[in-house]
1. What are the residues in the stretch 12-40 that are surrounded by fewer than 18 Cβ atoms within 10 Å (Cβ to Cβ) and either in a helix (DSSP H, G or I) or on the phi > 0 side of the Ramachandran plot (or both), if any?
2. Checking the condition open to solvent by less than 50 Å² (accessible area, probe 1.4 Å) and assigned to a loop (DSSP other than H, G, I, E, B), which residue from Thr134, Thr83 passes?
3. Which one of the conditions (1) touching a strand residue (DSSP E or B) at 6+ places or on another chain (Cβ under 6 Å); (2) surrounded by fewer than 15 Cβ atoms within 10 Å (Cβ to Cβ); (3) more than 24 Å from Gly9 (Cα to Cα) does Gly97 fail to meet, given that it meets all the rest?
4. Looking only at the stretch 50-62, count how many residues are over 14 Å from Thr134 (Cβ atoms) and either touching a Leu at 6+ places or on another chain (Cβ under 8 Å) or surrounded by fewer than 20 Cβ atoms within 10 Å (Cβ to Cβ) (or both).
5. Tally the residues that are free of Cβ contacts under 8 Å to residues at least 60 places away in the same chain and either in contact with a Pro (Cβ under 6 Å, 6 or more places away or on another chain) or under 20 Å from Asp75 (Cα atoms) (or both), restricting the search to the stretch 86-139.
6. Let me confirm something: among Thr12, Thr49, which residue is of a type outside the set (Gly, Ala, Ser) and out of contact with any helix residue (DSSP H, G or I) (no Cβ under 7 Å at 6 or more places or on another chain)?
7. Kindly provide the set of residues from the stretch 63-76 that are part of a helix (DSSP H, G or I) and open to solvent by 70 Å² or more (accessible area, probe 1.4 Å), ordered by number.
8. Quick one: how many residues across the stretch 111-131 are in a helix (DSSP H, G or I) and open to solvent by 30 Å² or more (accessible area, probe 1.4 Å)?
Amino acid sequence: MPTPIVSKGSTTWNGDLFSGKGRTSLDTSGLASFDVNWKARAEEAGGTTSPEELIAAAHATCFSMALSNGLAQNDTAPNELRTSAEVTFVAGEGIKGVHLTVEADVPGLSEADFQRIADEAKAGCPVSQALKGTEITLTAKLA
């Protein structure tokens, strides 16, 4: 049985939801910390991040890893994957969906096999699994 890996992030928040602000940190890696506030979440980012942007970055990364692995298991390892994720948030309603977009440079792979492997990666990546209650869509194309 593999040893569980625990990743840690933290946030310090000051004030109420609408006029307050905070700072969130990537504690495990120590690579960065980011300003957060309600306006970035519900209006325009303006140099701060939001939980949804962090989820989008995590989902794009996780999906890319899963797709890369699926392609390698198919003996068609990718030269490059360019993935983005868009997380839609509606104030008062929550996260309404995630849309993944990937453009892949994969020599010798048919379009049908690529779509199948991409769909499997979308369903199987751990972030997708964690977001099972959210609609996740995918646009995948070969470069």
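The values are calculated or read from the model by the stated rules, or taken from the named source; none is laboratory data. Everything quoted here is computed from the prediction, not taken from an experiment. A quick note on method: Cβ atoms are made from the backbone with ideal geometry, for glycine too, and the neighbour counts reach across all protein chains shown. These area figures cover heavy atoms from the full protein model, side chains too; ligands, DNA and RNA do not enter into them. Shrake-Rupley method; radii C 1.70, N 1.55, O 1.52, S 1.80 Å.
1. The answer is Gly15, Gly30, Lys39.
2. Thr134
3. That leaves (3) as the condition not met.
4. 5
5. 22
6. Numbers: Thr49 fails: out of contact with any helix residue (DSSP H, G or I) (no Cβ under 7 Å at 6 or more places or on another chain).
Just one listed residue meets the conditions, Thr12.
7. Pass one, the stretch 63-76, residues part of a helix (DSSP H, G or I): 63-73.
If the condition is that a residue be part of a helix (DSSP H, G or I) and open to solvent by 70 Å² or more (accessible area, probe 1.4 Å), then Met65, Asn69, Gln73 are the ones that fit.
8. Residues of the stretch 111-131 that are in a helix (DSSP H, G or I), as a first pass: 111-124, 126-130.
Still in the list and also open to solvent by 30 Å² or more (accessible area, probe 1.4 Å): 111-113, 115-116, 119-120, 122-124, 126-127, 129-130.
Within the stretch 111-131, residues that are in a helix (DSSP H, G or I) and open to solvent by 30 Å² or more (accessible area, probe 1.4 Å) number 14.
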